[in-house]
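First up is the structure itself, then whatever we jot down about it.
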C-alpha cells in the first residue's frame, strides 16, 4: 500500500525507517538528537507530506508496517 502519513505516529515511524536506511545501512553521520531518538527528523518534516510504503502482510499496528518512505 502506498499513501500519505495520517498521523504523528506514522510520521515518527517513517523517520525511524529513514534513520535505519541513512545511519544504520548507509553510515551517515548522526548528531546527538538523532543518536538518542533513532529517528531522522529535520526542519522540513512539519511542512512536508510523508509518502509511505506499507507492507500489509506484516503483523502488528499499521505504523509498524511502514517499509519505505
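Every number in this text was worked out from the coordinates using simple rules, so none of it is lab data. Predicted model, so just to flag it, every value in this text is computed and none were measured. Here the Cβ is made from the backbone with ideal geometry for all residues, glycine too, and neighbour counts use every protein chain on show.
Return the total of residues in the stretch 38-60 being in contact with a helix residue (DSSP H, G or I) (Cβ under 8 Å, 6 or more places away or on another chain) and closer than 16 Å to residue 20 by Cβ.
If we filter the stretch 38-60 for residues that are in contact with a helix residue (DSSP H, G or I) (Cβ under 8 Å, 6 or more places away or on another chain), which is where we start, we get 38-41, 45, 50, 52, 54-56, 58.
Keeping just the survivors that are closer than 16 Å to residue 20 by Cβ gives 38-41, 50, 52, 54-55, 58.
Residues that pass the stated criteria total 9.
Here is a list of conditions, (1) assigned to a loop (DSSP other than H, G, I, E, B); (2) in contact (Cβ under 8 Å) with a residue 24 or more places away in the chain; (3) in contact with a helix residue (DSSP H, G or I) (Cβ under 6 Å, 6 or more places away or on another chain), and residue 63 meets all of them except one; can you say which number that is?
(1)
Would you confirm, using the coordinates I've provided, whether residue 14 is outside any helix (DSSP H, G or I) and surrounded by 10 or more Cβ atoms within 10 Å (Cβ to Cβ)?
Numbers: outside any helix (DSSP H, G or I): no; surrounded by 10 or more Cβ atoms within 10 Å (Cβ to Cβ): yes.
Judged against the criteria, residue 14 is not a match.
Do you know which residues across the stretch 22-43 are surrounded by 14 or more Cβ atoms within 10 Å (Cβ to Cβ) and either assigned to a helix (DSSP H, G or I) or touching a residue at least 40 places away in the same chain (Cβ under 8 Å) (or both)?
22, 23, 34, 37
Do you know which residues across the stretch 45-60 are surrounded by 10 or more Cβ atoms within 10 Å (Cβ to Cβ), touching a strand residue (DSSP E or B) at 6+ places or on another chain (Cβ under 9 Å) and under 12 Å from residue 5 (Cα atoms)?
If we filter the stretch 45-60 for residues that are surrounded by 10 or more Cβ atoms within 10 Å (Cβ to Cβ), which is where we start, we get 45, 48, 50-55, 58.
Pick out the ones that are also touching a strand residue (DSSP E or B) at 6+ places or on another chain (Cβ under 9 Å) and you get 50-55, 58.
Residues satisfying the conditions are 50, 51, 52, 53, 54.
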